[in-house]
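Please read the structure below before turning to the comments.
The numbers here are math on the coordinates, done by the rules we state, and not lab data. Computed from a prediction, not measured in an experiment: that's the story for all the values here.
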Amino acid sequence: MPVRTAYHEALEGTRLDVVRLGALVSDAIRVSVDALENRDAAAGARVVAGDDAIDDLRRRIEAHCIELIWRQQPVAGELREIAAMLEIATDLERVGDYGVDISKNAIKLSDQPMRPQKVEIDRIASVAHGLLLDAMRAYTERDANLASTVIDRDDEVDKLYKRSIKLLQAEMRADPEIVRPGTRYLFILASLERVGDRAGNIAWHTKDMIGAE
């Protein structure tokens, strides 16, 4: 019995680490977009510097998951949860990388006088960030319905992304001065679109964990 109790305590501790990782990554995306919008190179630099903590926590989750598997054979539901935690931690680490990419571009754009006018970075960022928050809430609360909503809403990010790309390309063609900063915005838009994709992945892993269809 003490061995099984320690096992469940370790499982709960790993669950909490996944939630912490989600909070760190969510904050990285929020701050990176704020850095871009406010031309705040210092904030962007903080996101870049904080990526090591995200990587370290992901590695800790992975190590604990592997230990949970070999320490005591988990039952089917526990095994599904451990597998989901491994997958979700990987997706979250990649979202953290997207935050770093956005921040690096924000730093380079912080002193650029010319900016695209028609690209709604704040809108696509808000939707993608919201999906990430909802995906982690679905995981934390084991909410299959919310996970399904996240999966369905990823199409909204894709539509905003495609619309923004078209607007940006048109603006770059019309004004050569926009080409240099505009190219960086193309990369930023791609990173935000991938945040939505990773949120969808987390939602799918959550449904698999719960055993929902």
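Things worth noting here:
- Computed [θ] at 222 nm, helices only, for the chain once each DSSP H run of length n ≥ 4 contributes -39500 (n - 2.57): -31500 deg cm²/dmol
- 25 °C / 0.890 mPa s Stokes-Einstein diffusion coefficient of the range 1-56, Kirkwood radius on C-alpha pairs, µm²/s: 188
- Gain upon complete extension [R115, I66; 0.36 nm per residue less C-alpha separation]: 12.9 nm
- Within the set (i) 10.6; (ii) 11.7; (iii) 24.5, the number that mean projected area of the Cα convex hull in nm² takes when calculated for this structure is listed as (ii).
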